[in-house]
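The structure under discussion appears below in the form of structure tokens.
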Amino acid sequence: MFGGVDTHTDTHHAAALDHHGQVLGDAEFPATPEGCAQLLDWLSGFGPISKVGVEGTGSYGKQLATLLRRNNITVREVSRPNRRTRRNHGKSDVIDAINAARTVLCGDGTATPKTAAGPVESIRALRIVRGGAVKARTAARNELTNLITTAPTTLREALRGKKGKALLTACTALAPDLARLADPTHGTMLALQAMAGRITSLNQQITQLDKHLDPLVAATAPTLVDLLGIGTDVAGQLLVTAGDNPDRLHSEAAFAKLCGVAPLPASSG
């Protein structure tokens, strides 16, 4: 028996097929630990489970995929159908679940999902937070520059030529009169002071995350970080791309395709 699951935030819709592709049944379950257990019991009621195709094993279906693996059931990640396919064949939770099961049955368009049960998953989570902090810091720096550019002349000239830590220190040391914020000079001083504080806070957060990421990445892939030109950031991205179970990538070509750098034929000519 083959199963297919269409996953969502609050519910999962499952379908069961026999080895000939005939639909044995479909049902909806809550996207909770109890609901996932009920879904597994429901699928097991149709007989031994060969494989289960799950949409979104890295997001909404992560909890379900973990439960299935713990019960020694082969889980395959199924890509969501493209818009053209959905337009031609319709779109509903039932149809998506049946299509997921049929995709697993034919063995086309599936992949082994990441287990997300080791140090690489921790690295992924920390990198997400660090990446967000870096983006926020870049945006804050741009806003600080714009504020200085459009600041009143006396304030702009006082900050001219200052960069990096010197600029942050100067902006933090500004003393706006809170009773005179209607005056653009004092209003801009307060804005600059607040923006400098934001950048300083983000700098501290990024530094703190790096202190944890550096040893974690080095301990997870010591031979990788020893390579010339491979630091924590590059090594961390490679690890996250491969996942905690890199054996799912059967060749260098498979990894290249996963990274989007595999050459593809452009035409029959």
query: How compact and how long is segment 191-244, expressed as Rg and Dmax of its alpha-carbon atoms in Å?
result: 15.0, 47
field: VAL94 versus THR32: modelled label distance in nm, points set 7 Å from Cα along the beta carbon direction
entry: 2.5 nm
- prompt: Sorted by accessible area with a 1.4 angstrom probe, largest first, how do ARG141, ARG130 fall?
  reply: ARG141, ARG130
message: Is the C-alpha gyration tensor of segment 25-176 telling us rounded, prolate or oblate? Criteria: a/c under 1.5 is rounded; beyond that, a/b larger than b/c is prolate, otherwise oblate.
response: prolate
message: Rolling a 1.4 angstrom probe over the protein chains, ignoring ligands and nucleic acids, what is the accessible area of LEU178 in square angstrom, nearest 10?
response: 120 Å²
- prompt: Using 7 Å Cα-to-Cβ label points, what is the ILE128/THR112 separation (nm, one decimal)?
  reply: 2.4 nm
- line: So the FRET efficiency between ALA166 and ASN245, C-beta based with R0 = 41 Å and rounded to 0.05, is 0.30
task: Kindly identify segment 134-173 as rounded, prolate or oblate by the Cα gyration tensor criterion: order the square roots of the eigenvalues as a ≥ b ≥ c, call it rounded if a/c is under 1.5, otherwise compare a/b with b/c, prolate if a/b is larger, else oblate.
output: oblate
task: Multiply the residue separation of GLN237 and LEU190 by 0.36 nm, subtract the distance between their alpha-carbon atoms, and state the gained length in nm to one decimal.
output: 13.1 nm
query: What whole number of Å gives the distance from the Cα centroid of segment 105-183 to the Cα centroid of segment 214-269?
result: 28 Å
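Using the Cα centre as the reference, give the magnitude of the dipole from point charges on the C-beta atoms of the chain (Lys, Arg: +1; Asp, Glu: -1; all else neutral), rounded to the nearest 20 debye.
Working: 29 positive and 24 negative charges, 213 e Å.
So the dipole magnitude of the chain works out to roughly 1020 debye.
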Read-out percent of Cα pairs over 31 Å apart, derived from the coordinates shown; its label in (1) 45; (2) 51; (3) 18: (2)
- prompt: Can you give the direction-averaged projected area of the convex hull of the alpha-carbon atoms in segment 152-232, in nm²?
  reply: 7.3 nm²
query: Each residue of segment 238-253 in turn: what ³J(HN,Hα) in whole Hz from Karplus with 6.51, -1.76, 1.60 and θ = phi - 60°, glycine and Pro shown as x?
result: 4, 5, 5, 5, 6, x, 6, 10, x, 5, 5, 8, 7, 7, 5, 5
- request: At q = 0.15, 0.16, 0.17 Å⁻¹, work out log10 I(q)/I(0) for segment 116-269 with the Debye formula, treating every Cα as an identical point scatterer and leaving solvent out; two decimals please.
  value: -0.84, -0.89, -0.95
message: Ordering GLU252, GLU34 by accessible area with a probe of 1.4 Å, largest first, what comes out?
response: GLU252, GLU34
query: Carbon and sulfur atoms: what percent of the 1.4 Å accessible area of segment 1-147 do they account for?
result: 50 percent
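Can you give the FRET efficiency to the nearest 0.05 for ALA136 and SER268, using r as the Cβ-Cβ distance and R₀ = 41 Å?
After rounding to 0.05, the efficiency reads 0.30.
Would you please give the FRET efficiency between LEU228 and ALA179, computed as 1/(1 + (r/R0)^6) with r the Cβ-Cβ distance and R0 = 51 Å, to the nearest 0.05?
For LEU228 and ALA179, the calculated efficiency is 0.30.
What is the percent carbon and sulfur in the accessible area of segment 187-265, measuring with a 1.4 Å probe over the protein chains and ignoring ligands?
61 percent
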- prompt: When all C-alpha to C-alpha distances in segment 145-193 are sorted into bins of 5 Å, what percent of pairs does each bin hold, rounded to whole numbers?
  reply: 5, 23, 35, 25, 9, 3
message: For a protection proxy built on the mean count of beta-carbon atoms within 10 angstrom, sort 213-219, 19-25 highest first, please.
response: 213-219, 19-25
- line: antiparallel share of DSSP beta bridges within the chain, to nearest 5, in %, is 60 percent
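The values are calculated or read from the model by the stated rules, or taken from the named source; none is laboratory data. As the structure is a prediction and not an experimental result, all values here were calculated from the model. We place every Cβ from the backbone using ideal geometry, glycine too, and count neighbours over all the protein chains shown. Just the protein is used for accessible areas: all its heavy atoms, side chains included, with ligands, DNA and RNA removed. Shrake-Rupley method; radii C 1.70, N 1.55, O 1.52, S 1.80 Å.
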